[in-house]
1. Which of the residues belonging to segment B:69-91 are more than 11 Å from the chain's Cα centre (by Cα), more than 15 Å from B:R45 (Cβ to Cβ) and away from chain A (no Cβ under 14 Å)?
2. Of A:G58, A:G40, which residue is free of Cβ contacts under 8 Å to residues at least 60 places away in the same chain, surrounded by fewer than 16 Cβ atoms within 10 Å (Cβ to Cβ), closer than 30 Å to B:Q6 by Cα and within 11 Å of chain B (Cβ to nearest Cβ)?
3. Considering only residues of segment B:92-109 that are more than 12 Å from B:G15 (Cα to Cα) and away from every other protein chain (no Cβ under 11 Å), which is least open to solvent (accessible area, probe 1.4 Å)?
4. Which of the residues belonging to segment B:54-91 are in a loop (DSSP other than H, G, I, E, B) and open to solvent by less than 10 Å² (accessible area, probe 1.4 Å)?
5. Looking at (1) closer than 30 Å to B:P7 by Cα; (2) in contact (Cβ under 8 Å) with a residue 60 or more places away in the chain, can you tell me which one A:H29 breaks?
6. Could you list, in sequence order, the residues of segment A:1-26 that are open to solvent by 60 Å² or more (accessible area, probe 1.4 Å), part of a loop (DSSP other than H, G, I, E, B) and touching a residue at least 40 places away in the same chain (Cβ under 8 Å)?
7. Tell me yes or no: at least one residue of segment A:71-84 is of a type outside the set (S, T, N, Q), at pLDDT 95 or above, open to solvent by 20 Å² or more (accessible area, probe 1.4 Å) and over 10 Å from the mean Cα position of the chain (by Cα).
8. Can you pull out the residues in segment B:22-47 that are of a type in the set (G, A, S) and at the interface with chain A (Cβ under 9 Å from one of its Cβ atoms)?
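The values are calculated or read from the model by the stated rules, or taken from the named source; none is laboratory data. The structure presented is a predicted model; accordingly, all values stated were derived computationally and were not measured. Please note: Cβ atoms are built from the backbone with ideal geometry, for glycine as well, and neighbour counts cover all protein chains shown. Only protein heavy atoms, including side chains, enter the accessible area calculation; ligands, DNA and RNA are left aside. Shrake-Rupley method; radii C 1.70, N 1.55, O 1.52, S 1.80 Å.
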Amino acid sequence: DGGITQSPKYLFRKEGQNVTLSCEQNLNHDAMYWYRQDPGQGLRLIYYSQIVNDFQKGDIAEGYSVSREKKESFPLTVTSAQKNPTAFYLCASSTGLAGMFGEQFFGPGTRLTVL
Amino acid sequence: LAKTTQPISMDSYEGQEVNITCSHNNIATNDYITWYQQFPSQGPRFIIQGYKTKVTNEVASLFIPADRKSSTLSLPRVSLSDTAVYYCLVGSGNTPLVFGKGTRLSVIA
């Protein structure tokens, strides 16, 4: 089955720790994205990547880092510099940047809680 | 990026048609209009996309007037399972789409 997987589903972190959220897709999509969603709010773009070894900052990149070493994978690291990391994190992919190439496919999300 | 404005929330009874209108006054010539649906604790799901006039698929219709400054998502005969947040997005293939706060639709039995 083609799709996007994210792991883990729930993640607990102590303050001061870095954590990495996994995102894998087997849809052969070029573009991948990371979003953050806080309760009752819309999605905010953290980082996106159009091709391997290239990525751009979104609206709220501070305190986060990404890599795109393989087309299928786009891991997100939440660093200790992110002051309020507790949120729901969503990964997505699309053929292009999704404006006119149809849909973005989203993973099931990772809920991160800082203890 | 074209900014979108949509109602914060809407209520509807089961079996009714629901129309959610989105304003995008500064839409660019090469921008497309896309709608997504999101259930709690899940990622958004693509519903429909259009450029002008009317687009229809198995779940919804999208009406776009000639000036393209607004669009209306139409959901026929909603059920309780249509309770969700609906996002209107406008953009081209040059930059990522921006998700606003969306419209929270509550379907009542």
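1. B:K69, B:P76, B:R77, B:V78, B:S79, B:L80
2. Being free of Cβ contacts under 8 Å to residues at least 60 places away in the same chain, surrounded by fewer than 16 Cβ atoms within 10 Å (Cβ to Cβ), closer than 30 Å to B:Q6 by Cα and within 11 Å of chain B (Cβ to nearest Cβ) holds for just one of A:G58, A:G40, which is A:G40.
3. B:L105
4. Matches in segment B:54-91: B:A60, B:V78.
5. (1)
6. Listed by number, the residues that qualify are A:K9, A:K14, A:E15, A:Q17, A:N18, A:N26.
7. Taking every residue of segment A:71-84 in turn, at least one turns out to be of a type outside the set (S, T, N, Q), at pLDDT 95 or above, open to solvent by 20 Å² or more (accessible area, probe 1.4 Å) and over 10 Å from the mean Cα position of the chain (by Cα).
8. First pass over segment B:22-47, keeping only residues of a type in the set (G, A, S): B:23, B:28, B:41, B:43.
Hits for segment B:22-47 are B:S41, B:G43.
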